Amino acid sequence: MKMLTRIGFWLLVAAVGLFSIFPFYYAIMSSFRSGSDLFTIAYLPERLDFSNYVAVFERQPFGTNIFNSIVVAGAVVALSLALGITAAYAFGRIRFRGRSLLLMTILAVSMFPQVAVLSGMFELIRAFGLYNTLPGLILANLMLTLPFTVWVLTTFMRELPKEIEEAAFVDGATPWIVVRRVFLPLMMPAAVTTGLLAFIVSWNEFLFALTFTLTNEQRTVPPAIALMSGSTAYELPWGTIMAASVVVTLPIIAMVLVFQRKIVAGLTAGAVKG
Amino acid sequence: MADVVLKNVRKTFGRTHVIHGVDLDIRDGEFIVFVGPSGCGKSTLLRLIAGLEDITSGELFIGGERVNDLAPAKRGIAMVFQSYALYPHMSVYDNMAFGLELAKSSKADIDSKVREAARMLQIDNLLDRKPRQLSGGQRQRVAIGRAIVRDPKVFLFDEPLSNLDAALRVQTRIEIAKLHTDTRATMIYVTHDQVEAMTLADRIVVLNAGRVEQVGTPLELYHRPANLFVAGFLGSPQMNFIPCTVSHIGPDGVQVQLPKAGSITVPVSPEGLRMNETVTLGIRPDHMKLSPQGTLTGRIELVEELGENHLLYVNVGGERHLTIREPGDAHHEAGQEVALALAPESCHLFRESGEALPFLSGSRTPAPPSPDLSSRAA
Amino acid sequence: MSSAVASAPSPARETAQGGRSSLTRSRIRAAWIFIAPTLIVLALIAGWPLARTIWFSFTDASLNNLADYEFIGFENYVANYDGEWFGLLTDPDWWHSVWNTVWFTAVSVSIETVLGIIVALILNASFPGRGIMRAVILIPWAIPTVVSAKMWNWMLHDQFGVINDMLLRLGLIAAPITWTANPDTALWTVVMVDVWKTTPFMALLILAALQMLPGDIYEAAKVDGVHPVKVFFRVTLPLIKPALIVAVIFRALDALRVFDLIYVLTANSRDTASMSVYARQQLVDFQEVGLGSAASTLIFLIIALLIVITMAAGRVRLSGDPR
């Protein structure tokens, strides 16, 4: 009986693990097969054929797409954290009238459906002359990352000891000095966590990137992959698409594996405690 | 150097009244200890003086200047926090230098002040360490050092020893006392530990539920508690309380009838006491003796042998227990029937309201306090 | 000293001022300065576009010339010309997308919750390789939605897909299935990919809740000889319920605005179109900014209503003292 439970448990673990990684495994496998090989089913790798990887960078401006994604995500993370940490100090540590209401509003914005602002945002980006540019995407993506950055950082900020701040006030620090010299260094781990989440959100963003860009050279990775086409409209270059998928997913997976604990901490700080 | 004066200081959080109008005169160079049970408002009172909380109403003067609206850093105070509140990311040196740096002192000035304080506290070999690399006692010294370099008029301590182990606590207590002797700065110290209060204070302020119960020298509070609360709070083991009724009022004091026992005449001034009024007699465990002629009889329920002395818990009828401290060489056993003799001149009488009846002059062993230290009940 | 007392304001007047020291005042001033940039940015990129979207929904604006439009009232929502009904609320495609979205949300969130609990329970047990397992299940969550949609598209390919191949080999199906194009299977396919991608998120939230439970109640239950299944339903489930509810609501709000997955997995198919897909199609593909904005506005209202209900329920926690 005990043995049976043991076996059942491990089968369950194996099933969950297999279900989780099989699609990615299969994508890697397919990315190393090309030509007519691709259209025969295989479960184990036979040989390494890098032609899909060559194609993705030569026939598509995929290098540019990756660069765009890095620029957009990097800028979004930097802006979100810069704005978020000061705001989180105010929300997390100072009592002022209207604080709860504002915090609720910001939380509500983080749950906004993107499509609800689509036409207004389109107009705004056009008005600023940012259509089909990276700054336009940075601006749009801030709407997705800033609210939850503020929210998660606020929950982290609340957990810092009150006495350290008070000691700084007794030492003559102004609120700005408290943020810059005392809390900023202490918030670094939280900022890394939140920054990672913001990076992933921006890196994965699709709707804005699809709508606010026009040319392939300005696209970030998700619309580039979604809109990748082959020589004819009816024939999708599956090998190339899988190679591109693997290229953009590997860094994210590496990040997840390295920062697993931090990411989980950030997710639960934003959700469970909320 | 400065005196600290509180005039009818009140503090409310929303609708909760935390401090109910405190008046206090702390003299320049005095070591004052705020003591009371948890939640009595002692820390809040300290934080009001520090400027970390707003004073709801009333006035606060430090060195003659009204400081209600001044930021903490401008009040000439330094504070040592319970958790030390060291900046975790800064070295010991930077922790101590931070305040001076913000005050735009010169580098040389900062350096000499930090190094002097470090030498004084014997932490000069730790200046490059981070707080997490220090022991609890070392952190405590850094926190004190950070206060010293500010060269404050008033030192504020918020339960600074409660995170230390027992041995270190005694040692640091002595060092704080020495710091006071050396600097002669005004010090206000919050604790819930009556030993700290008794040993450190020039005067103790006993707080309860946001009110000052009594202010006075340690011995004054011990020997002449102004009310039941102070009587019960100071002294360990606690003072024994016996409810009784007034049976006779005479020139040599008030005679009270003990329950199921004889009567005793306590040399206190009757001041409006009526016959048969219910009062409480208080007597410390040291002031009762086992004696065949004792007025109270009972059975020993438990003996706690502490070595230098023993504590006897005596059941004197019903659920009532009295604690007696006997010399360590005496031999007693649980179950023994005993009679207790009370020293009348060591008894306290409290009205039903809790207020202590004043002693008849000349009837007490310790000298009465000088008039300017007279106790003040809220 | 006495003169200072005499010249000082009376306590009563101070109470009226609120008795704020300069520390409190400077902190409150700082609070507003610190949140101002965030508020301005959010007003610009969330508040203003939202307001404009709602406004556009009452106009006949078109994407190729956004500046030239007229106010037409509720005609984008519902209008009547010569006895014939027009507008969003009479469009069967819109209602179909509403149905798709609600169905997708209900089914996928239910499955994810159940699977999430199971996975969380597995990860809460101690076994060698638990850390690796936890990282492994994060992989589907971290992969960009577009990428996972493409991966599944390829696996679900009707002719060369590995899923059909597997099922054929196992003898579960007789002929290849066109998973994403067949109206009977398309939405289920979407659900399956969403479950694959989002169950880890649920599992991690539930796991966090599980790990906050005190261990001694389980020991007590063990000593009392309570059956593990009973322990789960009587002890674990009620204790993690608050966290579970929060997780379900977060996921539901997320599922209601689904776009990428459906757009990439099944293209602009009517059979699977969600509300967001419908709105974007009107806006961008048909250039009908007015109608598209009307759809966007309705989506916003539906989700806003849910957020308000959620927040009203969670208010007690939010207003807690931050110190």
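Can you tell me how many residues within the stretch C:277-291 are in a helix (DSSP H, G or I) and either in contact (Cβ under 8 Å) with a residue 40 or more places away in the chain or in contact with a strand residue (DSSP E or B) (Cβ under 6 Å, 6 or more places away or on another chain) (or both)?
So the count comes out to 7.
So which residues in the stretch B:267-292 are open to solvent by 40 Å² or more (accessible area, probe 1.4 Å), in contact with a Leu (Cβ under 7 Å, 6 or more places away or on another chain) and assigned to a loop (DSSP other than H, G, I, E, B), if there are any at all?
B:Glu271
Looking at B:Ser91, B:Ser112, B:Ser106, can you tell me which residue is over 32 Å from the mean Cα position of the chain (by Cα), closer than 24 Å to B:Leu179 by Cα, open to solvent by 30 Å² or more (accessible area, probe 1.4 Å) and among the small types (Gly, Ala, Ser)?
B:Ser112
Exactly one condition in (1) modelled with pLDDT of 85 or more; (2) open to solvent by 30 Å² or more (accessible area, probe 1.4 Å); (3) touching a helix residue (DSSP H, G or I) at 6+ places or on another chain (Cβ under 6 Å); (4) assigned to a helix (DSSP H, G or I) is false for C:Ser110; which is it?
Here C:Ser110 meets the rest and fails (3).
Checking A:Gly136 against (1) more than 22 Å from C:Leu50 (Cα to Cα); (2) open to solvent by less than 10 Å² (accessible area, probe 1.4 Å); (3) at pLDDT 90 or above, which single condition isn't satisfied?
(1)
Collect the residues in the stretch A:18-73 that are closer than 18 Å to C:Gly161 by Cβ, of a type in the set (Gly, Ala, Ser) and at pLDDT 85 or above, keeping them in residue-number order.
Residues satisfying the conditions are A:Ala27, A:Ser30, A:Ser31.
Rundown of residues vs (1) at pLDDT 85 or above; (2) away from chain A (no Cβ under 11 Å); (3) within 39 Å of the chain's Cα centre (by Cα); (4) loosely packed, with under 13 Cβ neighbours inside 10 Å, yes/no style:
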{"residue": "C:Val5", "(1), (2), (3), (4)": "no, yes, no, yes"}
{"residue": "C:Gln17", "(1), (2), (3), (4)": "no, yes, no, yes"}
{"residue": "C:Trp32", "(1), (2), (3), (4)": "yes, no, yes, no"}
{"residue": "C:Val41", "(1), (2), (3), (4)": "yes, no, yes, no"}
{"residue": "C:Phe56", "(1), (2), (3), (4)": "yes, no, yes, no"}
{"residue": "C:Ile72", "(1), (2), (3), (4)": "yes, yes, yes, no"}
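Report yes if some residue within the stretch C:154-176 is part of a helix (DSSP H, G or I), under 24 Å from the mean Cα position of the chain (by Cα) and surrounded by fewer than 22 Cβ atoms within 10 Å (Cβ to Cβ); otherwise report no.
No, the stretch C:154-176 contains no residue that is part of a helix (DSSP H, G or I), under 24 Å from the mean Cα position of the chain (by Cα) and surrounded by fewer than 22 Cβ atoms within 10 Å (Cβ to Cβ).
Restricting to the stretch A:15-34, count the residues that are part of a helix (DSSP H, G or I), open to solvent by less than 60 Å² (accessible area, probe 1.4 Å) and either without any contact (Cβ under 8 Å) to a residue 12 or more places away in the chain or among the hydrophobic types (A, V, I, L, M, F, W, C) (or both).
Residues in the stretch A:15-34 being part of a helix (DSSP H, G or I), open to solvent by less than 60 Å² (accessible area, probe 1.4 Å) and either without any contact (Cβ under 8 Å) to a residue 12 or more places away in the chain or among the hydrophobic types (A, V, I, L, M, F, W, C) (or both): 11 in total.
Of a type in the set (Ser, Thr, Tyr), under 19 Å from B:Glu345 (Cβ atoms) and touching a Phe, Trp or Tyr at 6+ places or on another chain (Cβ under 6 Å): is that true of B:Thr280 in this structure?
yes
Test each condition in (1) open to solvent by less than 50 Å² (accessible area, probe 1.4 Å); (2) touching a residue at least 12 places away in the same chain (Cβ under 8 Å); (3) more than 8 Å from chain C (Cβ to nearest Cβ) for A:Pro45 and report the one that comes out false.
Of (1) open to solvent by less than 50 Å² (accessible area, probe 1.4 Å); (2) touching a residue at least 12 places away in the same chain (Cβ under 8 Å); (3) more than 8 Å from chain C (Cβ to nearest Cβ), only one is false for A:Pro45: (1).
Quick check: anything in the stretch A:183-197 out of contact with any Pro (no Cβ under 9 Å at 6 or more places or on another chain), under 28 Å from C:Met275 (Cβ atoms) and of a type outside the set (Lys, Arg)?
There is at least one residue in the stretch A:183-197 that is out of contact with any Pro (no Cβ under 9 Å at 6 or more places or on another chain), under 28 Å from C:Met275 (Cβ atoms) and of a type outside the set (Lys, Arg).
If I ask for residues that are farther than 16 Å from C:Thr105 by Cβ, aliphatic (A, V, I, L, M) and open to solvent by 10 Å² or more (accessible area, probe 1.4 Å), which ones from the stretch C:239-279 would you list?
C:Leu239, C:Ala243, C:Leu244, C:Val246, C:Val264, C:Ala267 - these are the residues of the stretch C:239-279 that are farther than 16 Å from C:Thr105 by Cβ, aliphatic (A, V, I, L, M) and open to solvent by 10 Å² or more (accessible area, probe 1.4 Å).
Please enumerate the residues belonging to the stretch A:173-189 that are more than 12 Å from chain C (Cβ to nearest Cβ) and open to solvent by 10 Å² or more (accessible area, probe 1.4 Å).
Answer for the stretch A:173-189, where residues must be more than 12 Å from chain C (Cβ to nearest Cβ) and open to solvent by 10 Å² or more (accessible area, probe 1.4 Å): A:Arg181, A:Leu184, A:Pro185, A:Leu186, A:Met188, A:Pro189.
Would you be able to tell me the number of residues in the stretch A:202-228 that are more than 10 Å from chain C (Cβ to nearest Cβ), in a helix (DSSP H, G or I) and surrounded by fewer than 24 Cβ atoms within 10 Å (Cβ to Cβ)?
3
For the stretch B:48-66, which positions are out of contact with any Ser or Thr (no Cβ under 8 Å at 6 or more places or on another chain) and either within 15 Å of B:His17 (Cβ to Cβ) or in contact (Cβ under 8 Å) with a residue 40 or more places away in the chain (or both)?
Matches in the stretch B:48-66: B:Leu48, B:Ile49, B:Ala50, B:Gly58, B:Glu59, B:Leu60, B:Phe61, B:Ile62, B:Gly63, B:Gly64.
Going through the stretch A:139-162 one residue at a time, which ones are crowded, with 19+ Cβ neighbours inside 10 Å and free of Cβ contacts under 8 Å to residues at least 24 places away in the same chain?
Scanning the stretch A:139-162 gives a single hit, A:Leu139.
Within the set of pairs 6 or more residues apart or between chains, which connect a residue that is free of Cβ contacts under 8 Å to residues at least 12 places away in the same chain inside the stretch B:289-313 to a residue that is surrounded by 13 or more Cβ atoms within 10 Å (Cβ to Cβ) with Cβ atoms less than 9 Å apart?
B:Glu304/B:His310; B:Glu304/B:Leu311; B:Glu304/B:Leu312; B:Glu304/B:Tyr313
Sort out which residues of the stretch C:222-238 are of a type in the set (A, V, I, L, M, F, W, C), under 28 Å from the mean Cα position of the chain (by Cα) and open to solvent by less than 90 Å² (accessible area, probe 1.4 Å), and write them in order of number.
C:Phe232, C:Leu237
Among the residues of the stretch C:131-146, which ones are more than 14 Å from C:Val193 (Cα to Cα) and among the small types (Gly, Ala, Ser)?
Matches in the stretch C:131-146: C:Gly131, C:Ala135.
Residues checked against (1) open to solvent by less than 30 Å² (accessible area, probe 1.4 Å); (2) assigned by the TED database to the domain that holds B:His321; (3) on the phi > 0 side of the Ramachandran plot; (4) assigned to a strand (DSSP E or B):
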site: B:Val195; (1), (2), (3), (4): no, no, no, no
site: B:Thr199; (1), (2), (3), (4): no, no, no, no
site: B:Val206; (1), (2), (3), (4): yes, no, no, yes
site: B:Val212; (1), (2), (3), (4): yes, no, no, yes
site: B:Val215; (1), (2), (3), (4): yes, no, no, yes
site: B:Glu220; (1), (2), (3), (4): yes, no, no, no
site: B:Pro225; (1), (2), (3), (4): yes, no, no, no
site: B:Ile242; (1), (2), (3), (4): yes, no, no, yes
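Counting only residues that are part of a loop (DSSP other than H, G, I, E, B), within 8 Å of another protein chain (Cβ to nearest Cβ) and among the β-branched types (Val, Ile, Thr), how many does the stretch B:22-78 have?
Selection size over the stretch B:22-78: 2.
If you check C:Ala220, C:Ala273, C:Ala243, which single one turns out to be touching a helix residue (DSSP H, G or I) at 6+ places or on another chain (Cβ under 6 Å) and assigned to a helix (DSSP H, G or I)?
Just a single option satisfies the conditions, and that option is C:Ala243.
So B:Glu326 ticks every box in (1) open to solvent by 30 Å² or more (accessible area, probe 1.4 Å); (2) more than 23 Å from B:Asn227 (Cα to Cα); (3) touching a strand residue (DSSP E or B) at 6+ places or on another chain (Cβ under 7 Å); (4) acidic (Asp, Glu) but one. Which box is left unticked?
(1)
The values are calculated or read from the model by the stated rules, or taken from the named source; none is laboratory data. Keep in mind the model is a prediction, meaning the values are calculated, not measured. Neighbour counts run over all protein chains shown; Cβ positions are idealised from the backbone, glycine included. Note: areas computed on protein heavy atoms with side chains; ligands, DNA, RNA excluded. Shrake-Rupley method; radii C 1.70, N 1.55, O 1.52, S 1.80 Å.
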